[in-house]
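These notes are about the structure you will find just below.
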């Protein structure tokens with residue numbers, strides 16, 4: 001997002017496709033389950049959490065790459081538009097001669 005003075009800012013729009021904030025009740029329920037887990041169940045849950053975290057990291061890295069590409073495209077488009085404006089400003093409009 002380009003601010004009025006030419007600086008870049010962070011867009012206030014955030015996509016929340018697969019983001020689910022648990023309620024206090026859900027958190028308490030998960031904690032109660034954890035307290036009664038065996039070591040093997042805890043290991044399985046930990047492995048699943050690690051796998052989910054790694055997937056989220058990979059997704060974030062891909063989003064960052066896409067954002068960098070989009071930023072480069074936007075900068076190139078802005079440079080092109082600036083050059084096009086300079087070209088247009090440099091042209092003179094030919095005077096029309098009216099023969100009477």
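Results, tabulated for the structure shown:
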quantity	calculated
Prolate/oblate/rounded label for the stretch 24-77 (Cα gyration tensor, a/c 1.5)	oblate
Residue-span extension gain [residue 74 to residue 41] - 0.36 nm each, minus C-alpha spacing	7.0 nm
Between the stretch 37-61 and the stretch 69-91, the alpha-carbon center distance in angstrom	46
Approximate spin-label separation residue 33-residue 20, in nm, with each point projected 7 Å along Cα-to-Cβ	1.1
Potential lengthening between residue 55 and residue 82 on full extension [0.36 nm per residue; Cα-Cα distance subtracted]	5.7 nm
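Rule-based calculations on the coordinates, nothing more; no lab input. Everything numeric in this text was worked out from a predicted model, so none of it was measured. Positions of Cβ are backbone-derived with ideal geometry, glycine not excepted, and every protein chain shown enters the neighbour counts.
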